[in-house]
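What follows is a set of notes on a single structure, which appears directly below.
A short reminder: the numbers here are calculations on the coordinates, not readings from a lab. Just so it is clear, the structure is predicted and the values come from calculations on it, not from any experiment. Neighbour counts are summed over all protein chains in view; Cβ atoms, including those assigned to glycine, are modelled from backbone coordinates with ideal geometry.
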Amino acid sequence: MRVADLLTEHSLQLRLETPSGPERLGREILRCAPTEHLDPTPFLDPNVLLLTSGIGMNFTEQSIWDGYVERLTRVPVAAVAFAIGTAHRTLPRGLVEACARHDVPLLEVPTTVPLLKIDQHVEGMLQAERIAVLDRGWSLADDCARLASQGAEVSTLLATIYAALERPIAVYDAFDSLIAQYPEAVTWRTGAARAAQLDVLTVPLPMGLSNPCQLAVRLYGSPGDVESLLASVTSILALQLNRSVVVDASSHQDMLRFVNRCVAWSESTRSDVANAFQELGLSRRTETTLLVADMSGEHAAAGWKLRVALHDSFHDVRVAELDDNLVALAQFPREEFAEISARLLGIGTEIPLVLHGPARTIDELRISLVHALDLVRHVTGPVRAPALGLSAVVAAAAGRGARESAERFLAPLIEHDQQRTTELLPTLRIWLRNDAQPSRTCEELFIHRNSLSYRLRRIEDLLGISLDTLDGRATCLMALRLVELEPY
């Protein structure tokens with residue numbers, strides 16, 4: 001309710017006695033405050049309608065009236081309704097001039113209208129407005145619940161809330177990291193700088209977590225009815241976030257079982273992996289996208305944003321945090337994969353993240369997962385993984401007797417180093433790691449180029465292969481990777 005609404009209510013017969021403009025008359029009235037105190041400000045809240053008959057205000061000095069009104073502006077009050085007839089036959093001229101000078105709307109209340117009637121009218125109007133706001137809030141919550149039941153992403157719910165509030169809206173996680181927002185063009189602060197946003201209303205979401213996400217609304221002025229409108233819809237948004245991004249214990253165990261079977265090449269058969277995949281509730285007839293991200297240390301702040309982005313991009317998502325990694329499987333994209341890839345890889349430039357896929361078969365997915373788990377340990381930012389990686393091939397071969405063959409293949413070097421205290425095996429490893437570049441290898445080993453040549457020739461004699469050929473180098477590289485292979 002606004003001050004101007006009182007002037008349009010004919011039953012109150014109020015008359016404006018000050019040259020107040022539309023902006024001043026448009027100020028909200030939060031309640032009425034009947035008082036006859038000469039200094040009522042200690043008992044007033046902002047934006048109240050002050051009701052008084054001026055009892056005890058029998059002074060004529062203009063400075064006293066100015067002091068009285070000036071104190072009211074510090075609260076500030078929305079307006080002053082002064083009843084004539086009880087203590088004053090007319091409005092005190094000093095009060096009129098003081099209210100005009102300090103831009104406080106002054107309303108004359110006729111003798112036929114008791115102040116109680118104004119109080120009752122304002123309270124009734126405010127109660128009706130509160131009920132209307134609650135109805136709007138429940139209607140908004142109903143719209144969001146219907147969208148959530150249809151599998152709408154979080155961004156769609158935010159767009160619906162924005163349409164009702166007409167104010168920018170965003171969701172933060174416990175690390176003050178921005179998860180989602182609407183519209184996208186608005187800039188929001190993150191981290192420690194977020195506390196400096198004074199024009200933002202923050203509402204914790206009831207998610208049942210010790211550190212829940214928070215809904216933030218850009219105010220651009222008074223909060224108004226924002227909190228009342230959000231009271232119901234925050235529960236729907238929290239439920240959708242929980243359903244979309246919080247993995248329950250059973251799903252987490254299913255993901256853990258699937259990952260363990262994928263990396264255990266010697267123990268798990270293809271059938272074992274397929275059964276674990278089926279227990280996840282995903283389809284074997286559609287392509288599966290894989291994402292592995294390092295969530296250790298400061299990277300943990302991106303966890304919620306990654307989860308929400310995945311659920312906004314795919315209809316079916318399975319997410320779990322294993323050790324310090326977030327592992328996600330996703331099916332049925334909502335848009336073209338190129339657009340999804342750009343969104344996921346653009347979440348954070350410093351997050352070690354590997355996006356792999358889409359895989360068409362269980363075998364391809366297994367290879368991709370092993371490759372991604374290895375690759376994420378060696379990248380410093382988001383990358384799109386190649387279709388095939390050496391680490392995955394090595395892991396696959398290790399379960400089929402290749403590891404034992406590799407140990408027998410390298411045994412002559414190991415025996416030679418043990419018996420003669422040479423360093424042929426470390427030399428081979430460093431030489432291959434430096435892409436067979438003699439200068440870089442010699443620099444790392446602190447040896448002369450002739451010494452390196454002698455060691456390489458000796459390695460060729462013991463292994464019975466030529467290191468001048470790609471086949472010979474690849475064989476040594478595979479053998480070293482196999483014997484050094486560690487379980488994930």
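Peptides 189-196, 156-163 ranked from most to least packed, by the mean per-residue count of other Cβ atoms within 10 Å: 156-163, 189-196.
Is the C-alpha gyration tensor of the range 265-335 telling us rounded, prolate or oblate? Criteria: a/c under 1.5 is rounded; beyond that, a/b larger than b/c is prolate, otherwise oblate.
Details: a/c = 3.07, a/b = 1.29, b/c = 2.39.
Here the range 265-335 falls in the oblate category.
The mean sequence distance of close C-alpha pairs (under 8 Å, at least 6 residues apart), as a share of the length of the range 134-244, puts its relative contact order at 32 percent.
When a/c is below 1.5 the answer is rounded, else prolate if a/b is larger than b/c, else oblate, so apply that to the range 134-244 with a ≥ b ≥ c taken from the square roots of the Cα gyration tensor eigenvalues. Oblate shape, in that a/c is at least 1.5 and b/c is the bigger or equal ratio. By the Stokes-Einstein formula, at 0.890 mPa s and 25 °C, the chain with its Kirkwood radius over alpha-carbon pairs has D equal to 85 µm²/s.
Sort the following peptides by mean Cβ neighbour count (other Cβ atoms within 10 Å, averaged over residues), highest first: 235-241, 17-23, 67-73, 213-219.
Answer by packing, highest mean first, reads 235-241, 213-219, 67-73, 17-23.
Counting only complete DSSP H runs, which helices of the chain cover 24 Å or more along their long axis at the Cα atoms and score a mean Kyte-Doolittle of 0.5 or above?
Values: long enough: 115-149 (51 Å, 0.05); 226-245 (26 Å, 1.04); 402-420 (28 Å, -1.04).
What comes out of the filter, once short or polar helices are dropped, is 226-245.
Around the Cα centre of the chain, unit charges on the Cβ atoms of Lys, Arg, Asp and Glu (plus for the first two, minus for the last two) sum to a dipole of about 780 debye.
Would you calculate, for the chain, the mean residue ellipticity at 222 nm contributed by helices, counting each DSSP H stretch of 4 or more residues as -39,500 (n - 2.57) and dividing by all residues, to the nearest 500? Working shown, then result.
Working: 18 runs with 231 residues, N = 488.
Calculated mean residue ellipticity at 222 nm is -15000 deg cm²/dmol.
For the chain, the relative contact order comes to 9 percent (Cα pairs under 8 Å, sequence separation of at least 6).
Over the range 3-113, the reciprocal of the mean inverse Cα-Cα separation, the Kirkwood hydrodynamic radius, stands at 13.8 Å. One Cα centroid belongs to the range 261-307, the other to the range 408-454; the line between them spans 38 Å.
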